[in-house]
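Colleague: Here you go, one structure.
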Amino acid sequence: MALGVMDTQRNHFGLFRRYFASKFPSHDPDQLLRTNLNEMSDIPENTILRQMSEKNFAPYPNQSSFMLGEWYWCDGSQKSKDSFEKLIDIITSPDFSSADIEQTKWAWIDRKLGSSEEVVDNESLWMDEDPVEDAGWAKTPVSISVPFRCSSPPTSKPTRRRGKTKIQEGHVQTYTIPGFYHRSIISILREKLANEEQFQHFHLEPFELHWQPGNAATSIRLSGELYNSPAFLEAHREVQELPQEPGCVLPRCVAGLMLASDATHLTSFGQTKLWPLYLYFANDSKYRRAKPSLHLCNHVAYFQKVSNVDGQIPVHH
Amino acid sequence: MVRFLFTTDIKLWQLPDEFQDFYVQHSGGKGPDKATITFLNRELFHAQWKTIIDDEFLEAFIHGIVILCADGVRRRFYLRLFTYSADYPEK
């Protein structure tokens, strides 16, 4: 398929984009920048806060349930006028909605709060939870072959003949690490693209960014984002030119993986050490990736070493 | 207190009893030397990567994977690796 060259209009700053496609993409994350510049700042925006906070009340499904639960557990066991007024404050607060608590499973939550272990519960607590949410962590045994020089069975001593040590063949034993924690990269991608907030910032088509100020005759190519880079454009072109999958005419996109791993100490005093594998998507702007509060860094795995196999692996959220 | 911190840090890199026992049992009494540990850590690292790059990953790499996006459009996504920044803890 021949790809056309499509240039956008120059903007105020003399910037324009060059797409290698037959039409401009309908999905343009950068349009959001005009209306959503404060996302680049660290001052929390109410809508984001609200969206993210729903999850932060776990195991309570929402804020209303949490407010009531907290009042019940944390406000002393004796009823008092003061406590009663607090209850009135809660149910008259604008954040409180009685509809939110209609389906709350109080007994289940109390059990979960009292349990010291991570409860893996098949029963879905959240009424509107996306089925792909939280999916994909696995604990897999990993085996390696360990070579040994001598073939003697354990504890037997090398046999000596005519005063010389007999040269023995090596042997190999399998060593297995019981629990390598890892996550399917596909499930991370699925989860991301199904999430409306994350998807709208996900660049599906790379483009060249050019600068042509004022009366300049030619433009200068700018670099700044992965999805402006020759590598991404090349990958995109390569994918468009692949033979079509049988019967498939769906749009084809590159999901750009950016991996990183770095051993890290968890505590100042303990020996708990982690060697996580992180994943970012090159389709996200660096300005968003660099913002920890947006949670664009995914944990894919926790590597282990033979010299550290007993290291404590924390329970994942 | 500072001394204590250093002590725990050094201990971290010693072999845990479990692997040490395994090695001693099969070697006829000797523990692994430094080069062997480096070799084994590398083997283990690659074995773990093999687990991450499973059949599903390879399928998505070669043939793409169809995913329903939040805008209601199905698209075929091809995984491509752009960067991998890593340390080398065996050094």
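The values are calculated or read from the model by the stated rules, or taken from the named source; none is laboratory data. Values in this document were obtained by computation on a predicted structure and should not be read as measured data. Positions of Cβ are backbone-derived with ideal geometry, glycine not excepted, and every protein chain shown enters the neighbour counts.
Colleague: Check the range A:252-267 and report whether any residue there is more than 26 Å from the chain's Cα centre (by Cα) and of a type outside the set (Lys, Arg). Step through it out loud before you land on a result.
Modeller: Kept after step one, since they are more than 26 Å from the chain's Cα centre (by Cα), are these residues of the range A:252-267: none.
Checked the range A:252-267: no residue is more than 26 Å from the chain's Cα centre (by Cα) and of a type outside the set (Lys, Arg).
Colleague: Output the residue which, of all residues in the range B:27-86 that are hydroxyl-bearing (Ser, Thr, Tyr) and part of a helix (DSSP H, G or I), is farthest from the other protein chains (Cβ to nearest Cβ).
Modeller: Here the answer is B:THR38.
Colleague: Which residue, of A:ARG252, A:ARG221, is among the basic types (Lys, Arg) and closer than 24 Å to B:ILE53 by Cβ? It would help to see each step written out before you state the result.
Modeller: Details: A:ARG221 fails: closer than 24 Å to B:ILE53 by Cβ.
Within the list A:ARG252, A:ARG221, the selection yields A:ARG252.
Colleague: Hey, another quick one. Pull up the range A:60-79, narrow it to residues that are in a loop (DSSP other than H, G, I, E, B) and modelled with pLDDT of 80 or more, then point me to the one that is nearest to A:GLY114 (Cα to Cα).
Modeller: Here the residue is A:TYR60.
Colleague: What pairs can you find where one residue is in the range A:247-266 and in contact (Cβ under 8 Å) with a residue 40 or more places away in the chain and within 29 Å of A:ASP28 (Cβ to Cβ), the other is polar (S, T, N, Q) and surrounded by fewer than 13 Cβ atoms within 10 Å (Cβ to Cβ), and their Cβ atoms are less than 8 Å apart, with a gap of 6+ or different chains?
Modeller: A:LEU259/B:SER85
Colleague: Then there is this: Kindly check whether there is at least one residue in the range B:69-88 that is touching a Ser or Thr at 6+ places or on another chain (Cβ under 9 Å), among the charged types (D, E, K, R) and farther than 30 Å from A:GLU234 by Cα.
Modeller: Scanning the range B:69-88 turns up no residue that is touching a Ser or Thr at 6+ places or on another chain (Cβ under 9 Å), among the charged types (D, E, K, R) and farther than 30 Å from A:GLU234 by Cα.
Colleague: Looking at the structure I just gave you, is A:ALA235 at pLDDT 95 or above, within 16 Å of the chain's Cα centre (by Cα) and surrounded by 15 or more Cβ atoms within 10 Å (Cβ to Cβ)?
Modeller: no
Colleague: Quick one: would you say A:GLY256 is crowded, with 20+ Cβ neighbours inside 10 Å and modelled with pLDDT of 85 or more?
Modeller: Yes: the conditions hold for A:GLY256.
Colleague: Looking only at the range A:72-102, count every residue that is among the polar types (S, T, N, Q) and within 38 Å of the chain's Cα centre (by Cα) and tell me the total.
Modeller: Number of matching residues: 4.
Colleague: Could you tell me how many of the residues in the range B:48-72 are loosely packed, with under 15 Cβ neighbours inside 10 Å and either aliphatic (A, V, I, L, M) or in contact (Cβ under 8 Å) with a residue 40 or more places away in the chain (or both)?
Modeller: Within the range B:48-72, residues that are loosely packed, with under 15 Cβ neighbours inside 10 Å and either aliphatic (A, V, I, L, M) or in contact (Cβ under 8 Å) with a residue 40 or more places away in the chain (or both) number 5.
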